[in-house]
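The values are calculated or read from the model by the stated rules, or taken from the named source; none is laboratory data. Nothing here was measured: the structure is a model prediction, and the numbers come from that model. Reconstructed Cβ throughout: ideal geometry from the backbone, glycine too, with neighbour counts over all protein chains shown.
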Amino acid sequence: MSIPHVRTRRSRAIRAAAIAGALVVGGLVATPATAATGSMPDFGPNVTIFGPDTPLDQIQSELDALHAQQVDAEMSGERRAVYFLPGAYGSAKDPLQVKVGYYTEIAGLGANPDDVAVHGAVEVYNRCLEGGTGNCLALVNFWRTLSNLRIDIDKAGQDGCRQSADFWAVSQAVSLRRLHVPSGTLSLMDYCTAGPQYASGGFIADSKLPAVVNGSQQQWLIRNSEVGSWSNAVWNQVFSGVVGAPDDATFPDPPYTTVDQTPLSREKPYLFVDDEGDYNVRVPDAQRDSSGVSWADGETPGRTIPIDDFFIAKPGDSEATINAALARGEHLILTPGVYDIDRTIKVKRPGTVVLGMGHATLTATGGAVPMEVKDAAGIVIAGVTIDAGTELSPVLLRVGDANVGKKLDPADPITLSDVYFRVGGPHIGKTTTALEINADHVLIDHTWVWRGDHGIEGFTEGFNGDTDRWRTNTGHNGVIVNGDDVTATGLFVEHFQRYNTLWNGERGRVILYQNELPYDPPTQADWTQPDGTLGYPGYTVAPDVTTHRLDGAGVYVFNQNNPSIVTENGFAVPETAGVQLHHIMTVNLSAGTVQHVVNGVGGQADPATSGTPQFVVDYPAE
């Protein structure tokens with residue numbers, strides 16, 4: 001049965017109490033546990049909630065059908081969230097085997113990860129494209145989320161190769177958070193489907209894991225976690241506040257970067273059901289100089305917000321309705337789906353939480369700015385994807401008012417967690433800047449800011465000689481940071497036409513930065529700065545900045561449209577002792593040239609050195 005949209009808190013509660021318990025996902029019906037006695041919120045038609053009394057064969061069948069629907073749905077508008085109420089799912093006799101496709105969130109609804117136990121596996125395999133098993137890879141396994149549960153790995157019934165690990169072969173816009181995997185092996189590559197192939201991920205936080213095989217992942221950040229061991233590396237593998245992290249003394253062999261304590265962190269808010277069966281959102285506190293998981297001693301420190309304090313939005317709700325709820329002091333949940341935004345959603349009040357479910361997506365229409373966050377401490381935006389529309393938007397997300405200079409509370413930063421951006425792909429996209437940070441004391445905890453290098457609209461003519469993409473799928477700047485004391489843990493920015501990242505603020509701190517320069521400049525003139533500098537660096541710190549720190553970063557070049565394109569430097573920073581880059585590199589992926597790693601220092605990455613990184617251990621040299 002589908003659940004109609006119910007507006008008021010009281011009517012939502014009355015309606016929920018009357019429901020015998022079914023939520024619908026694309027025609028798939030799942031029954032929550034009868035043990036949950038509280039009110040069930042109306043999360044709409046794209047959310048499924050399972051309980052431990054739901055028959056296991058029903059859970060398996062519905063998740064198999066959802067995966068079949070989403071496994072090739074890279075450019076679709078389908079968004080899905082699947083939640084498990086506290087309890088156990090699967091057994092040694094009958095393990096639960098879950099595969100996760102595009103735009104799918106899988107999460108437990110316990111107060112702690114061990115409250116939801118999956119006996120079996122939750123996995124992502126290489127995706128086989130046209131041409132069958134000879135063209136299987138993980139490089140485009142984007143947009144999926146797994147969090148807040150325990151996985152007791154059991155691959156019984158699968159073939160010998162598959163039984164060797166739980167496979168999580170993913171790339172960008174994919175997060176693992178609040179997981180407990182007590183034993184076995186977690187592999188971040190799929191070596192069973194047509195060989196390992198490359199992947200370009202990824203992010204783990206607040207998780208306790210066994211042996212981890214990184215394998216063919218080009219880069220990875222694991223933050224505030226515990227690992228039994230970590231093996232293999234390709235380029236930048238970064239560990240921040242990780243118990244059991246490998247030593248990085250021999251960098252770049254292997255290319256590990258280890259930061260003992262994370263200077264600033266805040267775990268992502270999460271939905272949970274309490275002992276009375278009531279739904280709540282837990283908002284973790286910010287931490288400084290921390291390591292290990294937040295739930296080691298019980299409940300993650302933070303505040304609990306009852307679900308009745310949230311406006312639960314659905315696609316089709318107007319910006320006026322959403323803004324009115326925010327103005328009343330309500331928090332905001334965006335249920336799964338695509339929201340066409342023609343006027344700005346404005347988040348103004350201190351401490352407001354905006355939580356997206358199932359990769360909820362805001363798409364700009366009419367050149368709108370989809371969201372603005374005002375200068376107010378403690379605002380958290382999490383789990384939201386923002387798409388550029390077909391008309392030019394000046395910015396997709398603006399955090400803080402330009403030139404206001406308002407000082408916020410450093411103990412309660414504005415936080416962006418798993419906030420993703422896309423310019424082009426399912427449709428032509430246009431923006432001047434994707435993410436603009438004007439406020440001080442902002443934490444970016446995992447983002448992928450992507451001007452699409454492939455898709456449906458504007459991508460049909462191939463590369464050679466094609467200028468259509470460069471002229472129509474326009475994104476000048478990925479990230480511009482004007483605020484001071486901004487921290488980023490997991491900053492992935494790719495393919496923008498000028499500055500991928502431009503950092504103007506003081507005391508910036510970045511842990512893991514990944515960039516790929518644009519594939520598609522038609523000519524060198526299109527990729528030359530006004531002062532004659534060849535190309536735009538993948539990471540730029542403004543000349544007047546005096547203090548900045550970056551740990552673990554890579555800039556990749558693949559100028560496939562015109563392989564003769566030259567970029568002078570992968571990184572450009574002021575030459576001062578207070579601006580420090582640690583463990584950085586450039587690499588050529590078979591087309592184009594980056595002449596130096598940073599400021600004229602470091603080897604040339606060109607087709608003759610394809611696949612061989614050019615490393616600089618420290619800049620300036622120690």
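Observations
- Identity of the residue in the stretch 560-598, more than 20 Å from Q524 (Cα to Cα) and of a type outside the set (A, V, I, L, M, F, W, C), that ends up surrounded by the most Cβ atoms within 10 Å (Cβ to Cβ): H583
- Some residue of the stretch 350-367 being assigned to a strand (DSSP E or B), within 20 Å of the chain's Cα centre (by Cα) and either modelled with pLDDT under 95 or among the polar types (S, T, N, Q) (or both): yes
- Boolean, E62 is surrounded by fewer than 21 Cβ atoms within 10 Å (Cβ to Cβ), more than 23 Å from Y198 (Cβ to Cβ) and not polar (S, T, N, Q): yes
- Condition met for D340 (surrounded by fewer than 21 Cβ atoms within 10 Å (Cβ to Cβ), in contact (Cβ under 8 Å) with a residue 12 or more places away in the chain and among the charged types (D, E, K, R)): yes
- Cross-chain or 6+ apart pairs with Cβ under 7 Å, the stretch 280-309 first and assigned to a helix (DSSP H, G or I), then acidic (D, E): D309/E330
- Scope the stretch 142-165; condition touching an Asp or Glu at 6+ places or on another chain (Cβ under 6 Å) and surrounded by fewer than 23 Cβ atoms within 10 Å (Cβ to Cβ); matching residues: R150, I153
- G329 meets the conditions (1) in contact (Cβ under 8 Å) with a residue 60 or more places away in the chain; (2) not in a strand (DSSP E or B) in every case but one. The failed one is (1).
- Scanning the stretch 554-575 for residues that are modelled with pLDDT of 95 or more and within 29 Å of the chain's Cα centre (by Cα) yields G554, V555, Y556, V557, F558, N559, T567, N569, G570, F571, A572, V573.
- All conditions in (1) of a type outside the set (V, I, T); (2) in contact with a Phe, Trp or Tyr (Cβ under 9 Å, 6 or more places away or on another chain); (3) without any contact (Cβ under 8 Å) to a residue 40 or more places away in the chain hold for G611, with the sole exception of (2).
- Residues that are part of a strand (DSSP E or B) and of a type in the set (G, A, S) were ranked within the stretch 583-600; the one that is nearest to T540 (Cα to Cα) is A591.
- Checking V71, V98, V47, V82 one by one, the residue that is aliphatic (A, V, I, L, M) and either surrounded by fewer than 21 Cβ atoms within 10 Å (Cβ to Cβ) or modelled with pLDDT under 95 (or both) is V71 and no other.
- Condition met for G603 (under 28 Å from S240 (Cβ atoms) and assigned to a strand (DSSP E or B)): no
- Lone unmet requirement of (1) outside any strand (DSSP E or B); (2) farther than 25 Å from R509 by Cα; (3) without any contact (Cβ under 8 Å) to a residue 24 or more places away in the chain for D247: (2)
- Whichever residue in the stretch 209-234 is surrounded by fewer than 22 Cβ atoms within 10 Å (Cβ to Cβ) and modelled with pLDDT of 95 or more and, among such residues, is farthest from G292 (Cα to Cα): V213
- Scan of the stretch 73-100 for residues that are farther than 26 Å from Y279 by Cα and either of a type in the set (D, E) or not in a strand (DSSP E or B) (or both), ordered by number: A73, E74, M75, S76, G77, S91, A92, K93, D94, P95
- Test for Q163: is it polar (S, T, N, Q), in contact (Cβ under 8 Å) with a residue 12 or more places away in the chain and not in a strand (DSSP E or B): no
- Residue check for A245: at pLDDT 95 or above, under 22 Å from A296 (Cβ atoms) and surrounded by fewer than 18 Cβ atoms within 10 Å (Cβ to Cβ): no
- Contacts under 6 angstrom Cβ, first residue in the stretch 200-228 being farther than 23 Å from P613 by Cβ and in contact (Cβ under 8 Å) with a residue 24 or more places away in the chain, partner surrounded by 24 or more Cβ atoms within 10 Å (Cβ to Cβ) and among the charged types (D, E, K, R), 6 or more apart: A205/R177; A205/R223; D206/R177; D206/R178; D206/E267; N224/D206
- Sole exception among (1) in contact with a Pro (Cβ under 7 Å, 6 or more places away or on another chain); (2) farther than 30 Å from N46 by Cα; (3) buried (at least 19 other Cβ atoms within 10 Å of the Cβ); (4) not aromatic (F, W, Y) for T300, by number: (2)
- Any hit, the stretch 393-414, residues being of a type in the set (V, I, T), at pLDDT 95 or above and assigned to a loop (DSSP other than H, G, I, E, B): no
- Only a single criterion out of (1) of a type in the set (V, I, T); (2) within 30 Å of S240 (Cβ to Cβ); (3) in contact with an Asp or Glu (Cβ under 6 Å, 6 or more places away or on another chain) is not satisfied by T352, namely (3).
- Qualifying residue in the stretch 23-40 (condition: modelled with pLDDT of 65 or more, surrounded by 20 or more Cβ atoms within 10 Å (Cβ to Cβ), of a type outside the set (G, A, S) and touching a strand residue (DSSP E or B) at 6+ places or on another chain (Cβ under 8 Å)): yes
- All positions within the stretch 174-190 that are part of a strand (DSSP E or B) and either closer than 14 Å to A205 by Cα or of a type in the set (D, E) (or both): V174, S175, L176, R177, R178, L179, H180
- Selection status of A111, of a type in the set (A, V, I, L, M) and surrounded by fewer than 20 Cβ atoms within 10 Å (Cβ to Cβ): no
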